[in-house]
Amino acid sequence: MSPSTPPRTPTVAIARILRGLGLVQGDDFRVTGDYRNGERIGTFVLALSRHADETIAAHADEIERLADEGPFAFRVSVRYPSGDRPMTGVANYGSRVREEPPAPAEPTAPEPAPEPEAVQPEPESAPELPPAGSVASKFLEGARERAWGRQRARALGWSTAQADLMAAAAAIQLQYRQDGVLRYFPQPGYAGHPVAEGRLTPLVNAGLLVISEPFGPGYKRVSVTADGREALHLWRVYRPTPAMKGPRMDREALHPLLGGELATSQNAAADEQSRHRLAHREAMYAAMDELHAWEARDERLWNVWARVQDITHRLGRSRPIGWIPTDEEIETHRIDPGLVAELRAEAGRPTPKPQLPTTPALPPRELPPLTVAPDDVEQLDLFAAAS
């Protein structure tokens with residue numbers, strides 16, 4: 001599309017204007033949509049650098065004029081929540097706010113320069129955040145919430161078939177027969193049709209679906225968990241690109257919902273196992289240090305006994321328990337007094353050889369049962385009217 005061609009979408013229109021000011025899309029700014037309850041309410045620009053905020057604030061009127069000349073009008077808001085640094089908002093919806101920059105401080109007379117001293121470089125301070133409760137703070141909080149929601153939606157990794165299966169379970173349209181057949185009932189009172197059970201297993205293992213209480217003679221219902229209800233909401237609001245999967249790939253394992261109930265329980269179990277392994281490792285290291293100290297002491301005392309007995313090769317020989325050299329042997333072989341004290345201490349109370357601890361097996365932690373999401377009122381009314 002050439003620059004003279006009229007833009008077809010508001011995203012292309014505002015991105016073309018900002019690029020004309022020298023800003024780099026993806027580095028300085030990003031154009032995205034704002035959604036409420038799954039509906040897109042408008043398009044806005046998310047400034048990614050201070051240079052972008054300053055450029056937009058300096059050309060606010062020009063950006064609005066260029067946008068008005070095209071098919072899509074935009075409003076530019078400029079705020080100064082933390083001093084002279086501007087915070088901008090460019091959107092095709094909502095109201096426009098224009099604040100004046102704070103007046104610069106009056107210059108004061110320069111003081112005489114002090115003697116030069118070695119000055120340590122100050123660490124770079126973190127960027128100032130807007131005051132809590134301000135419009136800028138709410139805007140930043142909303143942007144972070146949307147970014148986190150998009151990340152959680154992309155991490156689901158669903159195919160279109162898996163998303164349809166989740167929607168059917170949320171609408172109480174999946175039932176599990178006692179003979180192991182999963183059936184889909186699009187309308188109450190009508191005969192359903194079987195569904196490949198392999199698609200159900202990954203969603204159950206990921207903590208998104210559960211096979212719950214009986215639902216009529218010979219059937220159990222397939223219900224969504226609290227994680228499953230939230231995951232389905234994220235899928236519908238942020239609309240990530242579905243994973244390209246065939247019937248066999250739909251049976252592959254899925255990740256639990258990021259920040260969900262199952263993921264939190266699994267992380268807690270992993271932390272407990274990590275603490276258990278760390279405690280055992282510390283106990284093993286302490287026991288090995290004790291064993292090495294015992295072996296070194298035994299080697300020193302055996303050398304004294306071997307020298308007195310004129311033994312040159314150990315060959316599995318051990319020092320007799322309770323052996324102490326006589327005064328004559330001490331004088332003849334010039335035995336160190338410290339070694340003599342060790343031999344007498346060992347004769348009075350022999351130190352048993354330390355044993356390394358065995359590795360205890362940590363029993364698998366049973367995760368708490370998942371919370372089943374309550375049925376929607378509209379769905380209950382629908383089934384009550386059909387019964």
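Checking the structure you have, find out if any residue of region 143-157 is surrounded by 13 or more Cβ atoms within 10 Å (Cβ to Cβ), part of a loop (DSSP other than H, G, I, E, B), at pLDDT 85 or above and of a type in the set (Phe, Trp, Tyr). No, that holds for no residue.
When the residues of region 244-265 are filtered to those that are outside any helix (DSSP H, G or I), within 21 Å of the chain's Cα centre (by Cα) and of a type in the set (A, V, I, L, M, F, W, C), the one that is modelled with the lowest pLDDT is Ala253. Pairs meeting the criteria (first residue in region 153-164 and on the phi > 0 side of the Ramachandran plot, second residue among the small types (Gly, Ala, Ser) and crowded, with 16+ Cβ neighbours inside 10 Å, beta carbons under 6 Å, at least 6 apart or on different chains) are Gly157/Ala243. Residue selection: Ala113 satisfies the criterion of being modelled with pLDDT under 85, over 28 Å from the mean Cα position of the chain (by Cα) and either assigned to a loop (DSSP other than H, G, I, E, B) or more than 30 Å from Arg19 (Cα to Cα) (or both).
Checking region 221-228 against the condition returns a match, with at least one residue being of a type in the set (A, V, I, L, M, F, W, C), modelled with pLDDT of 85 or more, closer than 30 Å to Glu39 by Cβ and assigned to a helix (DSSP H, G or I).
Taking region 276-387 and the helices (runs of 4 or more DSSP H) fully enclosed by it, the elements with 1 or more residues that are at pLDDT 80 or above and of a type in the set (Gly, Ala, Ser) are at 337-348. The residue of region 167-194 that is modelled with the highest pLDDT, among those that are among the small types (Gly, Ala, Ser) and farther than 23 Å from Arg236 by Cβ, is Gly192.
The values are calculated or read from the model by the stated rules, or taken from the named source; none is laboratory data. Not measured: the values here are computed from a predicted model. Every residue, glycine among them, receives a Cβ derived from its backbone with ideal geometry; neighbour counts consider all protein chains shown.
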